[in-house]
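The values are calculated or read from the model by the stated rules, or taken from the named source; none is laboratory data. What you see is a predicted model; the values in this text were computed from it and never measured. Ideal geometry is used to build each Cβ from the backbone, glycine not excepted, and the neighbour counts take in all protein chains shown. To get the accessible areas, we keep the full protein, side chains included, count just its heavy atoms, and leave off ligands, DNA and RNA. Shrake-Rupley method; radii C 1.70, N 1.55, O 1.52, S 1.80 Å.
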Amino acid sequence: MGYAQLVIGPAGSGKSTYCSKLHEHCTTVGRNIHIINLDPAAENFDYPVAMDIRELVSLDDVMEELGLGPNGGLLYCMEHLEDNLDDWLTEELDNYLDDDYLVFDCPGQIELFSHVPVLKNFVDHLKRKNFNVCAVYLLDSQFMTDVTKFISGCMSSLSAMIQLEVPHVNILSKMDLVAKKKDIEDFLNPEPQVLLSELNQRMAPQFAKLNKSLVELVDNYGMVSFVPLNLRKATSISYVLAQIDTCIQYGEDAEVKIKDFDPEDED
């Protein structure tokens, strides 16, 4: 059985930086992971690329040959990947062992994980190849400056969760850049009535029923919560990685290792 992270989130949320720091952290602790680039528009990488969608299709070539813009060209590239799941992707996956750990660095176009079925079909293919998959949704913590943006982030994350139908970990990225962390902490374990009150204060009266429904959706389902991530702290990376590993049951089949110790060293 293989293991996979599907790293998604809006453009600029820090997905590639997360992949780079995750690889650096795992190398330091002696753990082997493979980072795969699924962004046909990517150019520079701070991590070793184990597999690259640009070997299959290039955004620049698509834009030049078909006369498409950046967004339309990227969607075409991802649909081309979807058409080659049984060929190119299967051949590439055959290079990895059953217990390998893959991290897929995805493009930031939100429609890819909200309503276009490309990534859904990609995930289903991985599952058919006996991979346990977890979606890792990154949201820029600097985006969470008020309750309206928090609700917007929750709805975007919930949309991806429903679309992909895999275990899901939501991460607040760039916590090291947040000046007032207390403002962010208020959204990690929000009180529904406080959210509703703040929404009603910020929005016109005609949106009161909508506000109530949105807050109830976030609260009743209990599906959307965020884990803060500070990439400058190894303990923060380890905690997030442990959350993801639990979702995909990584390491559960490994033998328990008991460290030898000298009883005389005990206090």
Hey, got a sec? Which GluC sites (Glu not before Pro) in region 1-95 land in a DSSP loop and have at most 12 other Cβ atoms within 10 Å? Glu43
Taking every other residue with Cβ under 13 Å from the Cβ of Asn200 and scoring Lys and Arg +1, Asp and Glu -1, one gets +2
Pair His115, Thr90: separation of 7 Å Cα→Cβ label points (nm): 3.2 nm
Rounding to the nearest 20 debye, state how big the charge dipole of the chain is about its Cα centre with +1 on each Lys and Arg Cβ and -1 on each Asp and Glu Cβ. 1480 debye
Taking only DSSP H segments of four or more residues, each worth -39500 (n - 2.57), what value at 222 nm results for the chain once the sum is divided by all its residues, to the nearest 500 deg cm²/dmol? -13500 deg cm²/dmol
Whole number in Å², please: accessible area per residue of region 1-128, 1.4 Å probe, ligands, DNA and RNA not counted. 45 Å²
Cleavage-rule hits (GluC sites (Glu not before Pro)) in region 161-229: DSSP loop, at most 16 neighbouring Cβ within 10 angstrom: Glu165
Lysines within cross-link reach of Lys120: Cα-Cα under 30 Å, excluding same-chain residues under 8 positions apart? Lys15, Lys21, Lys129, Lys149, Lys174
Candidate aspartates and glutamates for bridging to Lys180, where Cα separation is under 15 Å - those fewer than 8 sequence places away on the same chain excluded: Asp140, Asp146
At what distance in nm do the modelled label points of Glu64 and Thr246 sit from each other, each positioned 7 Å from its Cα along Cα→Cβ? 4.9 nm
Going residue by residue through region 34-51, the Karplus relation 6.51 cos²θ - 1.76 cosθ + 1.60 with θ = phi - 60° gives ³J(HN,Hα) values, rounded to whole Hz and with x marking Gly or Pro, of 10, 9, 10, 8, 10, 9, x, 9, 5, 10, 10, 10, 9, 9, x, 8, 7, 8
Considering only protein heavy atoms and a 1.4 Å probe, what is the carbon-and-sulfur percentage of the accessible area of the chain? 48 percent
Normalised Cα Rg of region 56-214, dividing by 2.2 N^0.38 Å with N its residue count, works out at 1.29
DSSP loop (so not H, G, I, E, B), at most 11 other Cβ within 10 Å: list which trypsin sites (Lys or Arg not before Pro) in region 199-242 pass both filters. Arg232
